[in-house]
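These notes are about the structure you will find just below.
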Amino acid sequence: MPKKTSKARDIGIDVAPPKATCDDKHCPFHGNLSVRGQILSGVVVSTKMGKTVVVKREYMKTITKYERFEKRTRRLRAHSPPCLGLAEGDKVTLMECRPLSKTVSFVVIEKRGTTA
Ligand SMILES: [Zn+2]
């Protein structure tokens, strides 16, 4: 695939493309990674892996017997394109992509502000 210009690729989802650019081949906007499947959201809890972030997702699970909900938490790993400049505490949107490593098959496609 020919090298793209600085203009971000249209990834087919209604998100604002990042203002910065990067030369990461696993970036959905500036590289060759295609995204498909699920869209999830969460909060970045660790950026220590460099190009991968750990994202925490909280969801409610229904307990039918007691007709109540309980809060559950899952952490998943996602690829972090350098152009998004993610930090711990950022609210992000993830999208499924091909498996990039044993544990990474999501990529961050949007930064939606930070948690206080
Ligand atoms: Zn990029």
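Rule-based calculations on the coordinates, nothing more; no lab input. Computed from a predicted model, the values in this text were never measured in an experiment. Note: ideal-geometry Cβ built from the backbone for every residue, glycine included; neighbour counts use all protein chains shown.
Sort out which residues of region 97-116 are among the charged types (D, E, K, R) and farther than 19 Å from residue 8 by Cα, and write them in order of number.
Pass one, region 97-116, residues among the charged types (D, E, K, R): 98, 102, 110-112.
Hits for region 97-116 are 98, 102.
Filter region 57-103 down to the residues that are more than 16 Å from the ligand (Cβ to nearest atom), surrounded by 13 or more Cβ atoms within 10 Å (Cβ to Cβ) and part of a strand (DSSP E or B) and list them by number.
Those that are more than 16 Å from the ligand (Cβ to nearest atom), surrounded by 13 or more Cβ atoms within 10 Å (Cβ to Cβ) and part of a strand (DSSP E or B): 57, 76, 77, 91, 96.
Restricting to region 12-23, and then to whatever is of a type outside the set (Gly, Ala, Ser) and either farther than 23 Å from residue 50 by Cα or touching a Ser or Thr at 6+ places or on another chain (Cβ under 7 Å) (or both), can you tell me which residue is farthest from the ligand (Cβ to nearest atom)? So that I can check it myself, show each step before the final result.
Within region 12-23, the subset of a type outside the set (Gly, Ala, Ser) is 13-15, 17-19, 21-23.
Still in the running and either farther than 23 Å from residue 50 by Cα or touching a Ser or Thr at 6+ places or on another chain (Cβ under 7 Å) (or both): 13-15, 21.
Working: 13: 15, 14: 18, 15: 13, 21: 6 Å.
Once the filter is applied, the top-ranked residue is 14.
Kindly indicate whether any position in region 24-31 is surrounded by 16 or more Cβ atoms within 10 Å (Cβ to Cβ), charged (D, E, K, R), within 14 Å of the ligand (Cβ to nearest atom) and under 16 Å from residue 107 (Cα atoms). Break it down into steps so the answer makes sense when it comes.
First, the residues of region 24-31 that are surrounded by 16 or more Cβ atoms within 10 Å (Cβ to Cβ): 24, 26-31.
Applying the additional criterion that residues be charged (D, E, K, R) yields 24.
Next cut, within 14 Å of the ligand (Cβ to nearest atom) only: 24.
From the residues that got through so far, the ones that are under 16 Å from residue 107 (Cα atoms) too are 24.
Yes, region 24-31 contains at least one residue that is surrounded by 16 or more Cβ atoms within 10 Å (Cβ to Cβ), charged (D, E, K, R), within 14 Å of the ligand (Cβ to nearest atom) and under 16 Å from residue 107 (Cα atoms).
Of all residues in region 72-112, which are charged (D, E, K, R) and in contact (Cβ under 8 Å) with a residue 12 or more places away in the chain?
Taking region 72-112 as the starting set, the residues that turn out to be charged (D, E, K, R) are 72, 74-75, 77, 88, 90-91, 96, 98, 102, 110-112.
Across region 72-112, the qualifying residues are 72, 74, 75, 77, 88, 90, 91, 96, 98, 110, 111, 112.
What are the pairs with Cβ atoms under 6 angstrom where one residue, in region 41-52, is over 17 Å from residue 24 (Cα atoms) and the other, located anywhere, is part of a strand (DSSP E or B) and basic (Lys, Arg)? Sequence gap at least six, or different chains.
Hits for this filter: 42/56; 42/57; 43/56; 43/91; 45/56.
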